1. Which one of T699, S688, A677 has its Cα pushed farthest toward the positive end of the charge dipole of region 604-759, where Lys and Arg give +1 and Asp and Glu give -1 at the Cβ?
2. What accessible area per residue comes out for region 517-645, rounded to a whole number of Å², with a 1.4 Å probe?
3. On a 0 to 90° scale, report how tilted helix 225-241 is relative to the longest principal axis of the chain, with both axes built from alpha carbons and the result rounded to the nearest 10.
4. Kindly provide the helix-only [θ] at 222 nm of the chain, computed as the sum of -39,500 (n - 2.57) over DSSP H runs of four or more divided by all residues, to the nearest 500 deg cm²/dmol?
5. Can you tell which of L426, A387, S499 lies farthest toward the positive end of the dipole of the chain, using +1 and -1 charges on the Cβ of basic and acidic side chains (Lys, Arg; Asp, Glu)?
6. Normalising by the residue count of region 500-569, find the relative contact order in percent from Cα pairs under 8 Å and 6+ residues apart.
7. Which value, in debye to the nearest 20, describes the size of the charge dipole of region 185-224 about its Cα centre when Lys and Arg Cβ atoms bear +1, Asp and Glu Cβ atoms bear -1, and nothing else is charged?
8. Give me the lysines in straight-line cross-link reach of K635: C-alpha distance below 26 Å, same-chain residues under 8 apart excluded.
Amino acid sequence: MSKLFINAPLPGLSEAPEELRGQLERIIFHNEENGYTVFRFKAEGKLDLLSVVGHMTEPQPGCSLRIWGSWENNPRWGMQFKMDGFEQEMPNTLDGIFQYLSSGLIKGIGPSLARRIVDKFGAATFEIMDNEIERLREVQGIGSKNFKKISETWKTQRGIKELMLFLQPHDISTAYAVRIYKFYGQAALEVVKENPYRLSMDIPGIGFITADMIAQKLGFELENDLRAEAGVLYSLNNLGKDGHVCYPREELCELCEKKLGIPAELADRAIDRLEEEERLVCEQMHPSPLVPAEKPEECLPEATESYVYLRRQYYYESSIAHYLGRLMLSPKSVRLGDSEEALAEVKKSIDIELAPEQEEAVLMAARSKVLVITGGPGTGKTTIINAIIKLFQARSARVMAAAPTGRAAKRLSETSNLEAKTIHRLLEFSPQEEGFARNEDMPLTCSLLVIDEASMLDIQLTCHLLKAVPLGATFILVGDVNQLPSVGPGNVLKDIINSGVVPVVELTQVFRQAEQSEIIMNAHLINHGQMPELRPPETGLSDFYFITQEEPEAAVDMIVSLVREHIPRRFRLDPVEDIQVLSPMNKGHAGAVNLNTRLQELLNNGGGRIPHLQRGERMFRLNDKVMQIRNNYEKDVFNGDIGRICVLDTEERELTVRYDDRNVIYDFDELDELVPAYAISIHKSQGSEYPAVVIPVLTQHYVMLQRNLIYTAVTRGRRLVVLVGSRQALAMAIRNNQTQKRHTWLAQRLAGLLPALNPEQA
């Protein structure tokens, strides 16, 4: 019988802790991040269930345990057993076997099927599943499809058992153990023992901290080459999450020393080795005088400096410059003839009077191979897109349009009367091929490609997009450069503009119809560093309000009340479908996590009768509004996609989410990709519009309070924007235009194309 030993000492225990034997009956609370667990325990010789607190990884009801620790009298919860460590073995009672099988650990077995299996095989259940698993077909309800699912899952469980027994004392969850086993196969345990730092380099979701903890327990020294290499890669990956494409070498070494305790000299040597292994690229960068210096904080340092790239980031950045330059140097496939005459035809067909700057934008699209159109809300970007599309369609050109997110693509389709896709769908991503079908060998078939919400483009997606643009096509990027930059690494739209290589049309005129919207007018005031007109609700009907609530607790209560009652009643909006709470942060009392807890409980409780699944601290209920928080190419869902849970199967422990036009199924182990989405961070709202947004703005958010953050949040609201919080906090945000600089050299690489593009100017 397999046993598992865990020893996680807790402070204050006596030298001779008390020992109990028995069975874990049910989980009261489990934190997946740190393993802190509260559970009910049926101890041998005790009539009542005991409350136990301690640290466990993937606790399973029904398992037999020997636990040791001491008793404590908690002021709130009463007498509890504070667990110092435990020894676990597979359950050996019929009830324990049943609870283990029905826990969801074995895919394909729910409570009713678990009962039939135990009734059939009794105490020999595990032995039969180990050695004669074909006999499961004798159980009613197990057909060919379900048997395959169960046997494959059980085979995986057996294959990783030894690995799990080794990893669980080091706080590696079962989900990660499965990933490690699938990645390394039979060599998994050997790899972990020889170089646990490889986990942080190879396995998504296992970071340096976890690998380092395992290494220390295995006796690895703090100052060793393997640790230094892993630390450098870990630091660069983390910097990528902050938007950096590369990082100054000297500062990177200092960061490793400060954050990870890796001496700077050791980190510097590790960079050399990683470059030899072709995992990193180091480059001496020479600032180009061709890059405009109107906004020094957005440009690059004057001195030559060594920068470090993850190899893939270097490839993406340098490839963007290559493919964009190649595109600009190629002739147009569609000859538009007399552009002025063509424009007159378009104006007649769309029956809209174009402002001079709009006309200029359309004419530039007719003449240019690549064009950037940028401007705030109400400045006519949609009108220009439609005019350009009609200009090309009038010459029988094939036109394609796309956007980074599903919602943005849907909105583009509605406003342009042209089928628009997400960029991933446009490029035909294939999980089987592990890449995009559309590339330089199989480019898109179009003469005009329009990309909306271009401020969201990161370097990876931009690289793949440019590979697939036909050489003769006109390529137009449309976006608001003053919004937050992409979630992923890079600052592509701003870098392209700053390079001076691509023609840019900046729209500044707000049109008369847009001037009637206080949302639009206040957005422009914020963007220019001015306080918006703060109208309280009692002053009459408007589309922009500010409600003063200085304290976070009061602000949260007000937000909940607005979403649940006031806005639906006054504006006839659905509290779930139409209203989106946008918070500057995830954590804190007025952060997205706490707001989600409050709103979920009030908007989708159902008196506790709604089917639900609990994954760590997250509760998922049927009809919940949820958001995907990382790109999943196999499921064709991406970071920031929002949907509703339309099916929830508690027996199979899986749920289905409806995203606009399709359903996506999630297994229980995949639920860490979802979060409730009644409230989301402002960063996650990029590329989306909502009928109404409610935004907490409090001084406790001071770390994140920046002008472009508030500007982005306000421009997400289509019919209604409500700010709740402190005028002081709002003023802090609007004054703070010092956005965090992202280390990227794309603008300089593009500026280097100028001599080839314009020899006379060079």
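The values are calculated or read from the model by the stated rules, or taken from the named source; none is laboratory data. These numbers were taken from a predicted model, which means no experiment stands behind them. Using ideal geometry, Cβ is built from the backbone for each residue, glycine included, and neighbour counts are taken over all protein chains shown. Side chains are part of the model used for accessible areas, which takes the heavy atoms of the whole protein and leaves out ligands, DNA and RNA. Shrake-Rupley method; radii C 1.70, N 1.55, O 1.52, S 1.80 Å.
1. Highest projection toward the positive end goes to T699.
2. 46 Å²
3. It works out to around 50 degrees.
4. On the way: 28 runs with 281 residues, N = 762.
The helix contribution divided over the chain gives -11000 deg cm²/dmol.
5. Farthest towards the positive pole: A387.
6. RCO, region 500-569: 17 percent.
7. It works out to roughly 140 debye.
8. K107, K145, K148, K149, K155, K182, K241, K410, K421, K467, K625, K684
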